[in-house]
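I'd like to ask some things about the structure below.
Each value in this text was obtained by applying a stated rule to the coordinates, not by laboratory testing. Bear in mind the structure is a predicted one, so any value in this text is a computation, not a measurement. FYI the Cβ positions are ideal-geometry reconstructions off the backbone, even for glycines, and counts take in every protein chain you see.
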Amino acid sequence: MDETDLATWAAGLAADLGIEQALDVDTVLKLAADAAHAVMRPAAPVTTFLVGVAIGRAGGDDARVAEILETVAAAITRWDTAPR
């Protein structure tokens, strides 16, 4: 599967689910990669799921979406730099 197939898949699935908001596939993939590398691999799908729920609850407001993504990026950074 290449990037075109992935974008087609995402658009089709969004339509099937009745989601009208445009999906920025690159942003989702970067978020998943950051979570996988900074936390652990299983954090990628868990993080993207939780972000999706938060964005859905926010009603898709662009400013709120940006805020959610910033919050998650900060949480990933904190986790990655925290002593354990």
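Rounded to the nearest 20 debye, what is the charge dipole size of the chain about its Cα centre when +1 sits on each Lys and Arg Cβ and -1 on each Asp and Glu Cβ? Before the final figure, lay out the partial values.
Values: 6 positive and 13 negative charges, 115 e Å.
Using only the charged Cβ atoms, the result is roughly 560 debye.
Given the options G52, G60, G12, state which has the largest fluctuation in a GNM of the chain using a 10 Å cut-off (strictly under) for Cα springs.
Between G52, G60, G12, it is G12 that shows the largest mean-square fluctuation.
Could you grab the Rg to Rh ratio for the chain? Cα atoms only, Kirkwood for Rh. Walk me through the intermediate numbers first.
On the way: Rg = 13.7 Å, Rh = 13.7 Å.
So for the chain, dividing Rg by the Kirkwood Rh gives 1.00.
From largest to smallest, what semi-axes in whole angstrom does the stretch 22-64 give when each is the square root of 5 times an eigenvalue of its alpha carbon gyration tensor? If you can, show how the numbers build up before the last one.
Numbers: eigenvalues 81, 25, 10 Å².
Working through the eigenvalues yields semi-axes of 20, 11, 7 Å.
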